[in-house]
Amino acid sequence: MEIKLTKTNYDEIVKNSEETVLIDFWATWCGPCRMIAPVIEEIANERTDIKVCKVNVDEESELAVQFKIYAIPTIIILKNGEITARSEGFKSKEAILKLIDW
């Protein structure tokens with residue numbers, strides 16, 4: 001299940017999480033974001049061991065600034081609250097899974 005991440009629920013969902021967290025930064029007008037969306041959804045449905053979050057950069061600009069998002073889509077992987085991987089642009093499911101399991 002994908003979680004809509006906001007500045008309001010960030011601490012509860014991400015900052016204090018012991019689980020691996022994948023954050024997808026996206027926008028409705030972004031073609032590559034729309035291409036990667038089904039891949040992210042598939043990962044969310046298959047990987048119950050991680051939290052999969054989505055951040056609409058137009059609605060949550062503070063989170064985009066906090067994570068220094070300059071291009072979308074951007075995928076960020078956090079483990080124990082620390083960024084362990086970052087990827088910009090469209091990526092295959094296999095490439096995203098490698099980021100998670102690295």
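When VAL39, VAL21 are checked against the criterion of being crowded, with 17+ Cβ neighbours inside 10 Å, of a type outside the set (Gly, Ala, Ser) and either assigned to a loop (DSSP other than H, G, I, E, B) or touching a strand residue (DSSP E or B) at 6+ places or on another chain (Cβ under 7 Å) (or both), VAL21 stands alone in meeting it. For ASP49, the requirement of being under 24 Å from ASN16 (Cβ atoms) and charged (D, E, K, R) is met. For the stretch 26-73, a residue qualifies if it is farther than 13 Å from LYS91 by Cβ and small (Gly, Ala, Ser), and the qualifying residues are ALA27, GLY31, ALA44, SER61, ALA64. Suppose we keep only residues that are touching a strand residue (DSSP E or B) at 6+ places or on another chain (Cβ under 6 Å) and within 22 Å of LEU97 (Cα to Cα) within the stretch 44-59. Which one would you say is surrounded by the most Cβ atoms within 10 Å (Cβ to Cβ)? The extreme case among them is VAL55. Looking only at the stretch 80-102, decide whether some residue is crowded, with 20+ Cβ neighbours inside 10 Å, of a type in the set (A, V, I, L, M) and in contact with a helix residue (DSSP H, G or I) (Cβ under 6 Å, 6 or more places away or on another chain). Checked against the condition, which is being crowded, with 20+ Cβ neighbours inside 10 Å, of a type in the set (A, V, I, L, M) and in contact with a helix residue (DSSP H, G or I) (Cβ under 6 Å, 6 or more places away or on another chain), the stretch 80-102 yields no hits at all.
Could you list, in sequence order, all residues of the stretch 24-36 that are farther than 19 Å from LYS68 by Cβ and either surrounded by 15 or more Cβ atoms within 10 Å (Cβ to Cβ) or in contact (Cβ under 8 Å) with a residue 40 or more places away in the chain (or both)? Across the stretch 24-36, the qualifying residues are MET35, ILE36.
Within the stretch 67-79, the set of residues being loosely packed, with under 12 Cβ neighbours inside 10 Å and either on the phi < 0 side of the Ramachandran plot or hydrophobic (A, V, I, L, M, F, W, C) (or both) comprises TYR70, ALA71.
Would you call LYS54 among the basic types (Lys, Arg) and outside any loop (DSSP other than H, G, I, E, B)? Against the criterion (among the basic types (Lys, Arg) and outside any loop (DSSP other than H, G, I, E, B)), LYS54 qualifies.
Checking THR48, THR84 one by one, the residue that is over 16 Å from THR6 (Cβ atoms), of a type in the set (S, T, N, Q) and in a loop (DSSP other than H, G, I, E, B) is THR48 and no other.
Of the residues making up the stretch 1-18, those that are part of a helix (DSSP H, G or I) and either open to solvent by 70 Å² or more (accessible area, probe 1.4 Å) or modelled with pLDDT of 95 or more (or both) are ASP11, GLU12, LYS15.
The values are calculated or read from the model by the stated rules, or taken from the named source; none is laboratory data. Because the structure is predicted, anything quoted here is derived from the model rather than measured. No Cβ is skipped: glycine too gets one built from the backbone with ideal geometry, and neighbour counts run over all protein chains shown. Just so you know, the surface numbers come from the protein's heavy atoms only, side chains and all, with ligands and any DNA or RNA stripped out. Shrake-Rupley method; radii C 1.70, N 1.55, O 1.52, S 1.80 Å.
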